[in-house]
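The values are calculated or read from the model by the stated rules, or taken from the named source; none is laboratory data. All values reported here derive from a predicted model rather than from experimental measurement. Glycine also receives a Cβ, built like all others from the backbone with ideal geometry; neighbour counts cover every protein chain displayed.
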Amino acid sequence: MRYFVTGGTGFIGKRLVRKLLARGDPTVYFLMREESRDKLPALFDFWGVEEGRVVPVFGNVRATRLGIADSDLDALSGNIDHFFHLAAIYDLNAEAAPQVVTNVEGTRHAVALAKQWRAGCFHHVSSIAAAGLYQGSFREDMFEEAENLDHPYFKTKHDSEKIVRDECEVPWRVYRPGMVIGDSSTGEMDKIDGPYYFFKLIQRSRQILPPWMPSVGLEGGRLNIVPVDFVVDAMCHIAHLPGRDRQCFHLTDPKPLRVGEVLNVFARSAHAPTMSLLINGALFGFIPETIRRGVMEMEPVRKIKDAVMADLGLPDDIMQFVNYPTRFDNRQAAAALKDSGIACPRLEDYADRIWDYWERHLDPDLFVDRSLRGRVAGKTVLVTGGSSGIGLATAHKLAEAGAVTLICGRDEAKLAAAKSEIAERGFELGTYQVDLSDMEDCDRFLQVLLAERGGVDILVNNAGRSIRRPIEASFDRFHDFQRTMQLNYFGALRITMGLLPSMLARRSGQVVNISSIGVLTNAPRFSAYVASKAALDAWTLCAASEFADVGIKFTTINMPLVRTPMIAPTAVYRDISALRPDEAADLVVQAIIHAPVRIATRVGVAGQAIHALTPRVAQFILNAMFRMFAETEAAAGKEGAKAPLPSAERLAMQNLLRGLHF
């Protein structure tokens, strides 16, 4: 038996070739582009046979006679028993023009060649898309009844099948697979398509919510999903049955699941929350089409939709499948497969393997460089307050990752020491002396920086001042609030505002603001410090919304307590559990790599939640802690005295709430 296969190097095609090779001792010829010749060793390895049994024929489905050389055309004339035509663009996102050339004209070229070769039978692999968005049950003997073929993929699959029906002069058979996904045994798939587009949404819900959390979703229409091994087995079996010419076969699931059920099946495989309440999407059908389209054309609505779809990697046209209206009658295929042992498996029985393969091999995040070097190499990064503590530890990591690393600070001696320290490791560091609490000095620094560097790609606002003093001891120290606000808020804001125009011109950039866990927990004794950081947090959220569509990202780090020179004067912190500077710098690295809106510890998030849900309880807890921890002598205005030894209760509280300000 001799076979010729177009699309034999594709996902379905190469599995069909392997299946055909297992039938006795056949010879399989497959169409291949000359520029893909280097793929041959991998293909032969996949098929597990010697080169003589499977023979490449070089050409292109877009060309007349498939672009095959005359010598090969003559050699194969009258020698092909089965001509399988699979070559097509299977992609909802593809432009219309290439789909017409490949799907429609390519089929016309294949049909003409089958006639020239006097092939025994022409097997055309179509798709359920040929039915368009038909309302109701679409039978295998239906074709002209297809409806709503506006989408280029639906249109070209319908038109290519029409060519076979109208122009093919050799016996033909048509196969319409459902939405083809990975192998039911291995989960193997070659690209993201069909239901895979929803996998990122499932993954995100798993990251945000615990698996037991109930949620609400759409029930939607029925998605006819089939694994690739079933399609190949069924097609190969039916192709060799006698008396089946000029028939169409739906290679579909006879019991398809609704959209919401499909998502829940994969959610269970992903250990993500399932949608316990499903609302039928058809309920939205009472809204007139003109109103729906009008709402979606509103600029704010369109921008929100586009942003969400892009974030989840969903194509624009995917939403039309939420209420997919077509059912597929597959009685002819079922009759042909009777007693063959070939049947479409239940999605629930192999979804685990599909999900596992996607998460290990196809998840788009796998192909994003998540290293610090991949994010900052060759880019200019400025760290304020970079001569010591968190800033210096961050500068070390940035310089090592290949960033053009700049730091600024007040003390020239410390800046020089930092530069020397990093130089000893073989890296470079740019330093700038500036007092960020002095607005005129900020402006001078910005002029120099912009003149020398033209701006920065990433700004880390790390410089800050902390004051630990209760309000009762601050009645005559209003300057404490002024100076913390001057540096922590106005200084950071002045630098950020000075560098944003250059980021806006490039339509890219990131601002990382080192805030405090105290903003989330509202720590007593830190009213001046927390208020200044809270002001910066609020400004950052406003700015992030304004610049969300121009490529500038903002990240706030609600940093827990870190053992730096800033907390050294506070005696009570000598025995307290705190992060090391390098651990804090790891949080900055995480912010730069992933650019989240916020980074916070579990203690900080828990504190924010308690304040939001039970604010009075939060006040009682914090007041008890406030009274538990004695005042430092410096805060009370007494110098020279030693802090009392911590009690067992205090030590227990400090270890339980690691990183919290006391």
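Can you name the residue in the range 221-252 that is in contact with a Gly (Cβ under 6 Å, 6 or more places away or on another chain) and in a loop (DSSP other than H, G, I, E, B) and, of all such residues, is nearest to Tyr357 (Cα to Cα)?
In this case the residue turns out to be Asn224.
For residues that are part of a helix (DSSP H, G or I) and among the hydrophobic types (A, V, I, L, M, F, W, C), scanning just the range 159-170, find the one that is surrounded by the most Cβ atoms within 10 Å (Cβ to Cβ). Walk me through how you get there before you give the answer.
As a first pass, look at the range 159-170 and keep what is part of a helix (DSSP H, G or I): 159-167.
Still in the running and among the hydrophobic types (A, V, I, L, M, F, W, C): 163-164.
Numbers: Ile163: 20, Val164: 23.
Result: Val164.
Are any of the residues in the range 145-153 part of a strand (DSSP E or B), buried (at least 18 other Cβ atoms within 10 Å of the Cβ) and not polar (S, T, N, Q)? Can you show your working first?
Initially, the range 145-153 is screened for residues part of a strand (DSSP E or B), giving 147.
Add one more test, that the residue is buried (at least 18 other Cβ atoms within 10 Å of the Cβ), and what stays is none.
Checked against the condition, which is being part of a strand (DSSP E or B), buried (at least 18 other Cβ atoms within 10 Å of the Cβ) and not polar (S, T, N, Q), the range 145-153 yields no hits at all.
Take the range 400-445 and flag every residue that is in a loop (DSSP other than H, G, I, E, B) and within 24 Å of Gly374 (Cβ to Cβ).
First, the residues of the range 400-445 that are in a loop (DSSP other than H, G, I, E, B): 401-403, 410-411, 424-429, 434-438.
Ala401, Gly402, Ala403, Arg425, Gly426, Phe427, Glu428, Leu429 - these are the residues of the range 400-445 that are in a loop (DSSP other than H, G, I, E, B) and within 24 Å of Gly374 (Cβ to Cβ).
So which of Arg465, Arg453 is more than 21 Å from Leu587 (Cβ to Cβ), touching a Ser or Thr at 6+ places or on another chain (Cβ under 7 Å) and not aliphatic (A, V, I, L, M)? Working first, answer last.
Details: Arg465 fails: more than 21 Å from Leu587 (Cβ to Cβ).
That would be Arg453, the only listed residue that is more than 21 Å from Leu587 (Cβ to Cβ), touching a Ser or Thr at 6+ places or on another chain (Cβ under 7 Å) and not aliphatic (A, V, I, L, M).
This table checks each residue for (1) charged (D, E, K, R); (2) under 30 Å from Pro596 (Cβ atoms).
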site: Ile192; (1), (2): no, yes
site: Tyr197; (1), (2): no, yes
site: Leu201; (1), (2): no, yes
site: Gln207; (1), (2): no, yes
site: Pro210; (1), (2): no, yes
site: Glu219; (1), (2): yes, no
site: Phe230; (1), (2): no, no
site: Asp233; (1), (2): yes, no
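Is it the case that Gly78 is on the phi > 0 side of the Ramachandran plot, of a type outside the set (A, V, I, L, M, F, W, C) and surrounded by fewer than 19 Cβ atoms within 10 Å (Cβ to Cβ)?
Numbers: on the phi > 0 side of the Ramachandran plot: yes; of a type outside the set (A, V, I, L, M, F, W, C): yes; surrounded by fewer than 19 Cβ atoms within 10 Å (Cβ to Cβ): yes.
Criteria met by Gly78.
For the range 171-214: of the residues being within 16 Å of the chain's Cα centre (by Cα) and among the charged types (D, E, K, R), which is surrounded by the fewest Cβ atoms within 10 Å (Cβ to Cβ)?
Filtering the range 171-214 for residues that are within 16 Å of the chain's Cα centre (by Cα) and among the charged types (D, E, K, R), the one surrounded by the fewest Cβ atoms within 10 Å (Cβ to Cβ) comes out as Lys191.
What pairs come out if I take residues in the range 95-116 that are hydroxyl-bearing (Ser, Thr, Tyr) and pair them with residues that are assigned to a helix (DSSP H, G or I) and buried (at least 17 other Cβ atoms within 10 Å of the Cβ) whose C-beta lies under 6 Å away, six or more apart or interchain?
Thr107/Ser160; Thr107/Ile163
Just to verify a result, which residue in the range 89-102, among those that are within 27 Å of the chain's Cα centre (by Cα) and among the aliphatic types (A, V, I, L, M), is surrounded by the fewest Cβ atoms within 10 Å (Cβ to Cβ)?
Looking at residues that are within 27 Å of the chain's Cα centre (by Cα) and among the aliphatic types (A, V, I, L, M), I get Ala96.
Check Asp411, Asp352, Asp365, Asp369 and return the single one that is more than 28 Å from Ile514 (Cα to Cα) and surrounded by fewer than 24 Cβ atoms within 10 Å (Cβ to Cβ).
On the way: Asp411 fails: more than 28 Å from Ile514 (Cα to Cα); Asp365 fails: more than 28 Å from Ile514 (Cα to Cα); Asp369 fails: more than 28 Å from Ile514 (Cα to Cα).
Going through Asp411, Asp352, Asp365, Asp369 in turn, just one is more than 28 Å from Ile514 (Cα to Cα) and surrounded by fewer than 24 Cβ atoms within 10 Å (Cβ to Cβ): Asp352.
Only one residue in Gly13, Gly7 is surrounded by 15 or more Cβ atoms within 10 Å (Cβ to Cβ), in contact (Cβ under 8 Å) with a residue 24 or more places away in the chain, out of contact with any helix residue (DSSP H, G or I) (no Cβ under 6 Å at 6 or more places or on another chain) and among the small types (Gly, Ala, Ser). Which one?
On the way: Gly7 fails: out of contact with any helix residue (DSSP H, G or I) (no Cβ under 6 Å at 6 or more places or on another chain).
Step by step, each of Gly13, Gly7 is checked, and only Gly13 is surrounded by 15 or more Cβ atoms within 10 Å (Cβ to Cβ), in contact (Cβ under 8 Å) with a residue 24 or more places away in the chain, out of contact with any helix residue (DSSP H, G or I) (no Cβ under 6 Å at 6 or more places or on another chain) and among the small types (Gly, Ala, Ser).
Can we say Met179 is in contact (Cβ under 8 Å) with a residue 60 or more places away in the chain, closer than 22 Å to His361 by Cβ, touching a strand residue (DSSP E or B) at 6+ places or on another chain (Cβ under 8 Å) and not basic (Lys, Arg)?
no
Just the residues that are in a loop (DSSP other than H, G, I, E, B) and in contact with a strand residue (DSSP E or B) (Cβ under 9 Å, 6 or more places away or on another chain), please, taken from the range 1-18.
Met1, Gly7, Gly8, Thr9 - these are the residues of the range 1-18 that are in a loop (DSSP other than H, G, I, E, B) and in contact with a strand residue (DSSP E or B) (Cβ under 9 Å, 6 or more places away or on another chain).
Which residue, of Phe44, Phe84, is within 30 Å of Arg244 (Cα to Cα), assigned by TED's automatic domain parsing to the domain that holds Arg165 and aromatic (Phe, Trp, Tyr)?
On the way: Phe44 fails: within 30 Å of Arg244 (Cα to Cα).
Result: Phe84 is the single residue among Phe44, Phe84 that is within 30 Å of Arg244 (Cα to Cα), assigned by TED's automatic domain parsing to the domain that holds Arg165 and aromatic (Phe, Trp, Tyr).
Just for the range 474-509: of the residues that are without any contact (Cβ under 8 Å) to a residue 24 or more places away in the chain and assigned to a loop (DSSP other than H, G, I, E, B), which one is nearest to Tyr432 (Cα to Cα)?
Arg477
Which one is farthest from Gly182 (Cα to Cα), of the residues in the range 19-53 that are in a helix (DSSP H, G or I) and in contact (Cβ under 8 Å) with a residue 60 or more places away in the chain? So that I can check it myself, show each step before the final result.
Pass one, the range 19-53, residues in a helix (DSSP H, G or I): 19-21, 34-47, 51-53.
Those still in the list that are in contact (Cβ under 8 Å) with a residue 60 or more places away in the chain too: 19-20.
On the way: Lys19: 16, Leu20: 19 Å.
Top of the filtered list is Leu20.
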